[in-house]
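Structure first, then comments.
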Amino acid sequence: MSNYISYSFPLASPFTKEEMQQRYWKCLYTSSSEKMLHYWVALPQSLKPAEINPVDFPEVGLVNIGRYITSDDTPYLEVWAAYERCEWEMNASDWLFKKLSIMGEKILHQRIINNPNGSGKFADVLTVKVHASGDEVISRYTIQKDYNPAEGGGNYFLLKASCASRDYAALADDIFFVVVNWDLLNRSNLALAELLTTVNLGAGSSFKVPLSWKAKVISENRMLIEHTIENVNYGAINLYFYPDTVVHSAEEIFDKCAERFHQQDNGITLVANELEPIQNDFNSSLNIDLFTCTGEITSRDDHMRAFYQAYVFNKNNVWAYIELVGRHRNVKDYHFEENKRCLEIIFSTMQISAH
């Protein structure tokens, strides 16, 4: 197996405008009867369509909507477009990483892109996969996301450009150009898989959550936000608020809010690492020092094992504790990714009044 570190990850094209016009052609995919699946992609002149009708690949949960292959004697390149409809909102990057895990791809390089329109995180990823035949294939993936106006939820798209590892050096610049030059032809007006709804905290403070999440006040200083579908709860986010006359540090509010997990009569236990400071990449307008920790909640009979993450910060002389409890990451469903995205939306949309 080759040295993975040697594979480049171009982030800019070396070609002039004239060279681009000569090297590439604009392919319009309109073969599907669903206009929301139509897209365009810039392809090298040597690539021609090999498959244009949608094809299901249930083993990876994708529908192929276009495959293009080299048609001459130049180094072989294959471009593949696919999508999946998912019912709830999540980061397109998290969706892609799950697909890469299912497909057995090893990540060599990646960059995460925060979309300024609020639709979350996207990714540009270079991978390698060694097939049973021994062939080593290098692939580069990028992604798109759009609301599905026909059925609701979101359409999550990927574009993959692949070649044999021995040909990658010769094709790296073409691969980069292809995966960053494609888009949907008929985007909806919604950049998310769900509409967002506003949750008011009172006194001019608020945040947003996806529409499928429901918020309710539990007590004067506690709010619960749940993702319950057909009477099954897949994730819960607790918010606690205490004035700094009651709690005086990040550790103190964490201990106060987490003590309910250690009471003997409830049969559950939290095991978590210590709070650590992290950079606030969620919402720069909050101007806060942010702390977090992760862990696991288990039941005494071992019937429950839940992922746990907490964030703590102080704003305007009030300590806030935000806690997520939900499914662990797995290849069977997207509940972990949906929970993670809801938590990010809460932070990124949070407005806390000084009064």
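The values are calculated or read from the model by the stated rules, or taken from the named source; none is laboratory data. Source: prediction; values computed, not measured. Cβ atoms come from the backbone with ideal geometry, glycine included; neighbour counts cover every protein chain shown. Calculation scope for accessible area: heavy atoms of the full protein, side chains included, ligands and nucleic acids excluded. Shrake-Rupley method; radii C 1.70, N 1.55, O 1.52, S 1.80 Å.
Descriptive notes on the structure:
- Across the stretch 118-156, the number of residues qualifying as over 20 Å from P210 (Cβ atoms), within 25 Å of the chain's Cα centre (by Cα) and of a type outside the set (A, V, I, L, M) comes to 7.
- Where a residue in the stretch 278-297 is closer than 16 Å to A320 by Cα and open to solvent by 60 Å² or more (accessible area, probe 1.4 Å) and its partner, wherever it lies, is in a helix (DSSP H, G or I) and of a type outside the set (S, T, N, Q), with Cβ under 9 Å and at least six apart: D289/A250
- Residue check, I237 surrounded by 17 or more Cβ atoms within 10 Å (Cβ to Cβ) and at pLDDT 95 or above: yes
- Scanning the stretch 299-317 for residues that are crowded, with 18+ Cβ neighbours inside 10 Å and out of contact with any helix residue (DSSP H, G or I) (no Cβ under 9 Å at 6 or more places or on another chain) yields one hit, A306.
- For the stretch 73-101, a tally of residues being touching a residue at least 40 places away in the same chain (Cβ under 8 Å), out of contact with any strand residue (DSSP E or B) (no Cβ under 9 Å at 6 or more places or on another chain) and not polar (S, T, N, Q) returns 1.
- Whether a residue is small (G, A, S) and touching a residue at least 40 places away in the same chain (Cβ under 8 Å) was assessed, and A272 does not pass this test.
- Filtered by the rule that a residue be open to solvent by 40 Å² or more (accessible area, probe 1.4 Å) and not in a strand (DSSP E or B), the stretch 92-117 gives F97, S101, I102, G104, P116, N117.
- Checked against (1) loosely packed, with under 14 Cβ neighbours inside 10 Å; (2) assigned to a loop (DSSP other than H, G, I, E, B); (3) touching a His at 6+ places or on another chain (Cβ under 9 Å), S32 meets all criteria but (1).
- Selection within the stretch 178-204: residues that are charged (D, E, K, R) and more than 23 Å from L239 (Cβ to Cβ). The member of this set that is surrounded by the most Cβ atoms within 10 Å (Cβ to Cβ) is R187.
- Inside the stretch 122-151, residues that are without any contact (Cβ under 8 Å) to a residue 40 or more places away in the chain, assigned to a strand (DSSP E or B) and open to solvent by 10 Å² or more (accessible area, probe 1.4 Å) make up a count of 3.
- Some residue of the stretch 207-228 being under 17 Å from the mean Cα position of the chain (by Cα), surrounded by fewer than 22 Cβ atoms within 10 Å (Cβ to Cβ), modelled with pLDDT of 95 or more and not in a loop (DSSP other than H, G, I, E, B): yes
- Residue tally, condition assigned to a strand (DSSP E or B), within 20 Å of F176 (Cβ to Cβ) and not acidic (D, E), over the stretch 56-86: 9
- Lone unmet requirement of (1) surrounded by 13 or more Cβ atoms within 10 Å (Cβ to Cβ); (2) touching a Ser or Thr at 6+ places or on another chain (Cβ under 9 Å); (3) under 27 Å from T228 (Cα atoms); (4) not basic (K, R) for V325: (2)
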